[in-house]
1. Using the Cα centre of the chain as the reference point, and only Cβ charges (+1 on K/R, -1 on D/E), how large is the resulting charge dipole? Debye, rounded to the nearest 20.
2. Got a sec? Charge dipole of the chain, +1 on Cβ for Lys and Arg, -1 for Asp and Glu; which of I31, L17, V42 is way out at the positive end?
3. Tell me what the chain gives for mean residue ellipticity at 222 nm when only DSSP H runs of n ≥ 4 count, each as -39,500 (n - 2.57), the sum divided by the residue total, rounded to 500 deg cm²/dmol.
4. Relative to the compact-globule scaling 2.2 N^0.38 Å, provide the ratio for the alpha-carbon radius of gyration of the chain.
5. Quick one: length gained pulling F35 to E10 fully straight, 0.36 nm per residue minus the C-alpha distance?
Amino acid sequence: LLDRAGKPDEPALREYLYNQIKLLAIELGIIGEFFKTYRNIVDKVRNN
């Protein structure tokens with residue numbers, strides 16, 4: 001991630017951060033879906 005002068009390589013750093021954020025967003029999306037499903041199941045159980 002560092003260029004020869006020891007400064008952060010901007011494009012590489014930006015791409016790295018972008019990829020990390022993308023992964024986090026995917027994980028959060030999956031967790032969100034899981035909780036929605038979980039809540040639906042809990043509601044069904046309570047209503048029976």
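1. That gives a dipole near 300 debye.
2. V42
3. Helix-only estimate at 222 nm: -29000 deg cm²/dmol.
4. My calculation over the Cα atoms of the chain gives 2.10.
5. Length gained, F35 through E10: 5.3 nm.
FYI, it's all coordinate maths here, none of it is from the lab. Remember, it's a predicted structure, so these values are computed and weren't measured experimentally. Cβ coordinates were reconstructed from backbone atoms using ideal geometry, including for glycine residues, and neighbour counts include every protein chain displayed.
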